[in-house]
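**Student:** The structure that follows is given in the form of C-alpha cells.
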Amino acid sequence: MQKRFTQLTIIFLLLTLSYMSWAQDITTLANEPNIPDRVINRQTGVWHGLYTKYRLSERLFYYGEYHVRRNNYYQNMSKLYLRFGVTYLLDKYLEVTGGFVNPYSWASDPEDTERYDPVVPEYRFWEQLLFVQSVGRVKFYHQLRFEQRWKRKNDIGADYKYSNRWRYRFTTYVPINDHTLRPGVLFGAFYNEIFIQNGKDIQYNNFEENRTVLGLGYIFSNNIQFQAVYMWTYGQQSAFEFRQRDIIRFNIYHNLDLRRRRDSNRTGPGGYPKPK
C-alpha cells in the first residue's frame, strides 16, 4: 500500500511541476512589452450529479456519472454529461476503471441558429486509478483520471479536434457526528483537482483548470448518500484569457450489490465514502 501511495505522490508532484512551469512561462510573457492584459471571465453555476456504482461480481462493478450543469445559476443550460465505465477491484485499496464519456454542450446563445449549433456532442474515452487510504476516522482518496477527447465548438461548421487530459484529485471525508462513515452520519467533504491537457491545438493553455470543493454530506443508508458542496474553479481558456467559476453542486451517490449471493461485509473502495 505504501509503495502505491508513493507512486501516486510522484505523479502528483510531476503534475504540479508542469503547472508551475506553465505559470512561469505566462509570467515571463506578461512582462514583455505590447502583451495584452490578463482577462478573467467570471461565471456562476449549479450542477446536479448522480453517481452510481453497481457490483456485478466479486471484483467487477458498473460505474456511471450523470450530470446536468447550468450557468448563471439556473438561468442557462450548459452541459448534459454522461459517463459510463467498468471498474475492476485489484485489492481493497486500489481499483482501475475504463469506459466512455458523452457530454453535450449548449451554445451561449442557442437561439442564434445562424451562428451556432444549439447543442453539440463530445466524445471521450477515459481510464482511472483510484487508491484509498484510511487514517483513523478520516478517509483519503487519490484519483488519477486520463481522458482522450474529441470536441468542437458550437460555431456552425466547427471541426472536431483531438486532445488528451490528465487529472489528479485528492479527496478526504471526515465524519462529524460519529467516528466512522456509516448510515446516519454527517461528514465533511473536501477535494482539490488539477486538470492538465495537451494536443496539437493546445498551445498556451496546457493548464486547463483547478477545482477546489468544500461541503457536507449525509449517509442515508448503505446504498444512498447525498452531498451539497461549493466549488471554486480557476482555469485558462487561451493565452491571456482565464475563467473563474463559483458553482453549487448537489450530488446523489447510489450503490447496489447485484450479485445473487451478497456479502455486505465485503465492500471495495469507491469514488465516495462507503459506510463501514
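The values are calculated or read from the model by the stated rules, or taken from the named source; none is laboratory data. All values derive from a computational prediction rather than experimental measurement. A quick note on method: Cβ atoms are made from the backbone with ideal geometry, for glycine too, and the neighbour counts reach across all protein chains shown. What goes into the accessible areas is simple: the full protein's heavy atoms, side chains included, and nothing from ligands, DNA or RNA. Shrake-Rupley method; radii C 1.70, N 1.55, O 1.52, S 1.80 Å.
**Student:** Looking at the stretch 83-108, I want the residues that are under 17 Å from Arg165 (Cβ atoms) and have a partner that is outside any strand (DSSP E or B) and not small (Gly, Ala, Ser) with Cβ atoms under 6 Å, at least 6 apart or on another chain. Which pairs are those?
**Tutor:** Cβ pairs passing all conditions: Pro103/Glu122.
**Student:** Leu181 versus (1) more than 30 Å from Ser108 (Cβ to Cβ); (2) at pLDDT below 95; (3) open to solvent by 10 Å² or more (accessible area, probe 1.4 Å): which is the lone unmet condition?
**Tutor:** Leu181 satisfies every listed condition except (3).
**Student:** Also, quick follow-up: So Tyr63 clears everything in (1) at pLDDT below 90; (2) assigned to a strand (DSSP E or B); (3) open to solvent by less than 60 Å² (accessible area, probe 1.4 Å) except one condition, right? Which one?
**Tutor:** Only one criterion is unmet by Tyr63, namely (1).
**Student:** Identify, from the list Asp257, Asp263, the residue that is out of contact with any Ser or Thr (no Cβ under 6 Å at 6 or more places or on another chain), of a type in the set (Asp, Glu) and either at pLDDT below 90 or closer than 22 Å to Leu144 by Cα (or both).
**Tutor:** Working: Asp257 fails: either at pLDDT below 90 or closer than 22 Å to Leu144 by Cα (or both).
Only one candidate passes the filter, namely Asp263.
**Student:** Then there's this: Only one of Tyr204, Tyr218 is open to solvent by 70 Å² or more (accessible area, probe 1.4 Å) and not in a loop (DSSP other than H, G, I, E, B). Can you tell me which? Step through it out loud before you land on a result.
**Tutor:** Details: Tyr204 fails: not in a loop (DSSP other than H, G, I, E, B).
Residue meeting the stated conditions: Tyr218.
**Student:** Is there a residue being open to solvent by less than 30 Å² (accessible area, probe 1.4 Å), free of Cβ contacts under 8 Å to residues at least 40 places away in the same chain, not hydrophobic (A, V, I, L, M, F, W, C) and not in a strand (DSSP E or B) anywhere in the stretch 119-127?
**Tutor:** yes
**Student:** Is it the case, given these coordinates, that Leu50 is in contact with a Pro (Cβ under 8 Å, 6 or more places away or on another chain), part of a strand (DSSP E or B) and either farther than 21 Å from Phe146 by Cβ or open to solvent by less than 70 Å² (accessible area, probe 1.4 Å) (or both)?
**Tutor:** Numbers: in contact with a Pro (Cβ under 8 Å, 6 or more places away or on another chain): no; part of a strand (DSSP E or B): yes; either farther than 21 Å from Phe146 by Cβ or open to solvent by less than 70 Å² (accessible area, probe 1.4 Å) (or both): yes.
So Leu50 does not fit the description; no.
**Student:** Right, next: Being over 17 Å from Asn251 (Cα atoms) and in a strand (DSSP E or B) is the filter here, so list the residues in the stretch 38-47 that pass it. First the steps, then the outcome.
**Tutor:** Taking the stretch 38-47 and keeping what is over 17 Å from Asn251 (Cα atoms), we get 38-44.
The answer is Val39, Ile40, Asn41, Arg42, Gln43, Thr44.
**Student:** Could you please find all residues in the stretch 181-195 being aromatic (Phe, Trp, Tyr) and touching a Ser or Thr at 6+ places or on another chain (Cβ under 7 Å)? So that I can check it myself, show each step before the final result.
**Tutor:** First, the residues of the stretch 181-195 that are aromatic (Phe, Trp, Tyr): 187, 190-191, 195.
Residues satisfying the conditions are Phe190, Tyr191.
**Student:** Also, I was wondering about something else. For the stretch 184-201, how many residues are open to solvent by 40 Å² or more (accessible area, probe 1.4 Å) and either polar (S, T, N, Q) or not in a strand (DSSP E or B) (or both)?
**Tutor:** The first filter runs over the stretch 184-201 and keeps only residues open to solvent by 40 Å² or more (accessible area, probe 1.4 Å), leaving 186, 190, 192, 198, 200-201.
Then drop every residue that is not either polar (S, T, N, Q) or not in a strand (DSSP E or B) (or both), which leaves 192, 198, 200-201.
Residues in the stretch 184-201 being open to solvent by 40 Å² or more (accessible area, probe 1.4 Å) and either polar (S, T, N, Q) or not in a strand (DSSP E or B) (or both): 4 in total.
**Student:** Within the stretch 94-128, which residues are at pLDDT below 95 and of a type in the set (Phe, Trp, Tyr)?
**Tutor:** Passing the criteria: only Tyr116.
**Student:** If you don't mind, there's one more thing I want to ask. Can we say Ser238 is under 23 Å from Asn255 (Cβ atoms), of a type in the set (Gly, Ala, Ser) and either outside any strand (DSSP E or B) or open to solvent by 20 Å² or more (accessible area, probe 1.4 Å) (or both)? Full working, then the answer.
**Tutor:** Details: under 23 Å from Asn255 (Cβ atoms): no; of a type in the set (Gly, Ala, Ser): yes; either outside any strand (DSSP E or B) or open to solvent by 20 Å² or more (accessible area, probe 1.4 Å) (or both): yes.
So Ser238 fails the test.
**Student:** Test of understanding: among Arg83, Arg42, Arg70, Arg38, which residue is in contact with a Gly (Cβ under 7 Å, 6 or more places away or on another chain), over 22 Å from Gln225 (Cα atoms) and charged (D, E, K, R)?
**Tutor:** Working: Arg83 fails: over 22 Å from Gln225 (Cα atoms); Arg42 fails: in contact with a Gly (Cβ under 7 Å, 6 or more places away or on another chain); Arg38 fails: in contact with a Gly (Cβ under 7 Å, 6 or more places away or on another chain).
Going through Arg83, Arg42, Arg70, Arg38 in turn, the sole match is Arg70.
**Student:** Which residues, taken from the stretch 84-93, are surrounded by 18 or more Cβ atoms within 10 Å (Cβ to Cβ) and either modelled with pLDDT under 95 or more than 14 Å from Glu65 (Cβ to Cβ) (or both)?
**Tutor:** Taking the stretch 84-93 and keeping what is surrounded by 18 or more Cβ atoms within 10 Å (Cβ to Cβ), we get 85, 87, 89.
Scanning the stretch 84-93 gives a single hit, Leu89.
**Student:** Checking Ser78 against (1) assigned to a loop (DSSP other than H, G, I, E, B); (2) out of contact with any Leu (no Cβ under 7 Å at 6 or more places or on another chain): exactly one of these is not met. Which one?
**Tutor:** (1)
**Student:** Given the criterion within 20 Å of the chain's Cα centre (by Cα), surrounded by fewer than 18 Cβ atoms within 10 Å (Cβ to Cβ), more than 23 Å from Asn255 (Cβ to Cβ) and polar (S, T, N, Q), identify the matching residue among Gln133, Gln148.
**Tutor:** Just a single option satisfies the conditions, and that option is Gln148.
**Student:** Could you identify the single residue in Tyr81, Tyr116 that is hydroxyl-bearing (Ser, Thr, Tyr) and under 23 Å from Leu144 (Cβ atoms)? Break it down stepwise before answering.
**Tutor:** On the way: Tyr116 fails: under 23 Å from Leu144 (Cβ atoms).
Of Tyr81, Tyr116, the one residue that is hydroxyl-bearing (Ser, Thr, Tyr) and under 23 Å from Leu144 (Cβ atoms) is Tyr81.
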